[in-house]
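Every number here is computed from the coordinates shown, using simple stated rules; none is lab data. Source: prediction; values computed, not measured. Note that we place each Cβ from the backbone using ideal geometry, even for glycine, and neighbour counts take in every protein chain shown.
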Amino acid sequence: MPDTVTGADQHDEVLATAILDRLLHHCDVVPINGPSYRLKNRLTAIENVA
């Protein structure tokens, strides 16, 4: 991945930030800690293939 950011990438980043700002403005963010079931299932699938 290049170290430079193109104009389209900058626009996408600004747009994503604006959308998240609108969505999270009146929300309570709940941090979730603990094991990832998605990652656990993926690692299990990889082990079964090998």
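With each label point set 7 Å from Cα along the Cα-Cβ vector, what nm distance links Arg38 and Leu15? Reported label-point gap for Arg38 and Leu15 is 2.2 nm. In region 7-49, the inverse of the mean reciprocal separation of distinct Cα atoms equals 13.7 Å; this is its Kirkwood hydrodynamic radius.
Magnitude of the charge dipole for region 7-49, about its Cα centre and with charges confined to Cβ atoms of Lys, Arg (+1) and Asp, Glu (-1), is about 300 debye.
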